Amino acid sequence: MSNKLSKKNIIKKTFEFGLSSIISKVLAITRDILQIRYLGLGPLSDAFLVAYKIPNVLRKVFAEGALSAAFIPTLVKLLRQNKEDEANKLISGLLIFIGGILVLICTIIIIFPKAIIFVYANGFFKKGFELSVTVKLIRILISFILFISMGSILSGALQAKHQFGPTAWAPVILNIVYISALIASTYLHLSVYNFAFLILFGAILQSLFFLYYYKKFGFQFIWPDKSIKKHFQEVIFKFLPCIISMSTLELNAAIDERFGSTLSAGTYTLMDIAFKFMGIALSIFASGFASILLPYFSHVTNYAQKRLSFYIFQANKLIAWITLPATLIIIFLANKIIYTTFYKYSGSHFTLSNVNQTANLLIAYSSGLFFYSLNKILLSLYYSMQQMLIPTLVTVIGCILNIIFNFLLINKMGAVGLALATSLSAGLQSIIFLTILYFRFNFKIYLKAYTLFIMKLILQVSLISSLFYFIYNSIYYLINYHLIFLKSFLLEEIGFWLWVSPLIILIFLLLYKTRKLFGIKIYFLS
């Protein structure tokens, strides 16, 4: 099996990743709609979300991003040197080490749940019901992190061999189990605690899914020995700073929601919904692109490090080319996105006021889509260069800035101010990352070429967005006045997306087909 990635394969695998992400995110939204029907929108939903989010954030901190970023470059190097046994021993050693740490963490949280709840939702300590329910739920759900994280380590091994399919499709399995659990809990009138145990079963199932593919692609479990001591220490040394930097977006969202827990009941849930919708756009492209670029950058670092400036410049262009129109579409359709999903299908729990609140939160989060995406790519670049401390320091600075912005904006703008603070801090992080690349590592910034590219991109997006606006309003008018019998379904319910989704796809196809007419050249698309 080849361990090389061409630029054609990078884009192909990115879109394969994106397809699975779309399916996973659609299932996730379906899940959240059913969850509101089951839990309502208020104290119980807030309590459950905090209990569920804590192991998920810890998963992203300890395994899904940080450990992958730390050990994939080392694993790639071992596999390129045909040291399969050492690679297997390293993976086995990491499973034992991380598993031991997570068992200890789970035990501490089960014994002292209020300490971790205070970190994520200190406002609950003034709300007796939320605190009581969250304590019971966290004791059940915290084990979720153990099974998911073990699966994430196996996933990282697969990515080192450029096998991204299982990683991309695993969340689909988890969401199917989650939805099945919600349906069963709703119709069988199961308690929220029984529901939590069903979710835990989904985590076990996902880890078994990764185990199957781990064995299928030739990996084994071999007891670690002294032969991997150097590689193990290298990974752990890189892993510790990665814990902070790879979880920057989740940390900032957790900070926002900690502030949000002090606001009115239900606000925490609305922030979570908006963040997940923004995450759809982020996951479709940026998350997959960043995951696939990590082993690619690692290869380039070993054989042609001077080319990294060019590749990061081209990746930056591709991100801008995709996220600018995506952001405009989200802003334009924000109200419809929430109205046609949660308002129409969550029962009486979701009001028109909630629709407007969530739409505004979605706009605020989405304003930083370009920066969230760019930061993921820049992190992959830094880790491919074995630079662990710099991303950690920049992430800490970003979190501090986010807290400052939260304090400045929460009183004037409420929850929207918290979401906007995340976008602002992400933008400043991007600037700091790029500045360090220029001054510390002598990267070329290509400022003149990038400015010219942005001007061409704005012209292209402006013209095609105008076309989108015209076609959208024409179809909307046609349905509103000439298809009265389908009006409600096609304008206010899920049927809205039967004609809007193809229109969005058409717009991106036009962007792709007309890029050369506007003089837009992107390495990964050529």
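The values are calculated or read from the model by the stated rules, or taken from the named source; none is laboratory data. Fair warning: this is a prediction, and the values are worked out from it, not measured in the lab. All Cβ positions, even for glycine, are placed from backbone atoms using ideal geometry, and neighbour counts span all protein chains on display.
Worth pointing out:
- When the stretch 263-279 is filtered for residues that are over 17 Å from the mean Cα position of the chain (by Cα) and at pLDDT 85 or above, only LEU270 remains.
- Top-ranked residue in the stretch 70-94 [being more than 14 Å from TYR383 (Cα to Cα), among the small types (Gly, Ala, Ser) and in contact with a helix residue (DSSP H, G or I) (Cβ under 6 Å, 6 or more places away or on another chain); ranked as modelled with the lowest pLDDT]: ALA87
- If the condition is being among the aromatic types (Phe, Trp, Tyr) and free of Cβ contacts under 8 Å to residues at least 60 places away in the same chain, then the stretch 188-209 contributes TYR193, PHE197, PHE201, PHE209.
Here's the yes/no breakdown for (1) aliphatic (A, V, I, L, M); (2) in contact with a Ser or Thr (Cβ under 7 Å, 6 or more places away or on another chain); (3) farther than 21 Å from ILE199 by Cα:
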position	(1), (2), (3)
ALA87	yes, no, yes
GLY99	no, no, no
ILE105	yes, no, no
TYR120	no, no, no
GLY123	no, yes, yes
LYS136	no, no, no
SER143	no, no, no
GLN163	no, no, yes
PRO171	no, yes, no
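- For GLY93: the one exception among (1) under 27 Å from the mean Cα position of the chain (by Cα); (2) under 17 Å from ILE236 (Cβ atoms): (1)
- Listed by position, the helices (runs of 4 or more DSSP H) enclosed by the stretch 339-456 that each have at least 2 residues that are β-branched (Val, Ile, Thr) and either more than 30 Å from LEU39 (Cα to Cα) or at pLDDT 90 or above (or both) are 352-366, 389-413, 415-441.
- When we screen LEU483, LEU503 for residues that are in contact with a helix residue (DSSP H, G or I) (Cβ under 8 Å, 6 or more places away or on another chain) and farther than 22 Å from ALA281 by Cα, the only hit is LEU483.
- Residue in the stretch 302-314 that is surrounded by 22 or more Cβ atoms within 10 Å (Cβ to Cβ) and either closer than 18 Å to ASN442 by Cα or modelled with pLDDT of 90 or more (or both) present: yes
- The set of residues in the stretch 220-247 that are modelled with pLDDT of 80 or more, assigned to a loop (DSSP other than H, G, I, E, B) and in contact with a Lys or Arg (Cβ under 6 Å, 6 or more places away or on another chain) comprises ILE222, PRO224.
- Options TYR365, TYR343: the member that is within 17 Å of the chain's Cα centre (by Cα) and closer than 26 Å to TRP499 by Cα: TYR365
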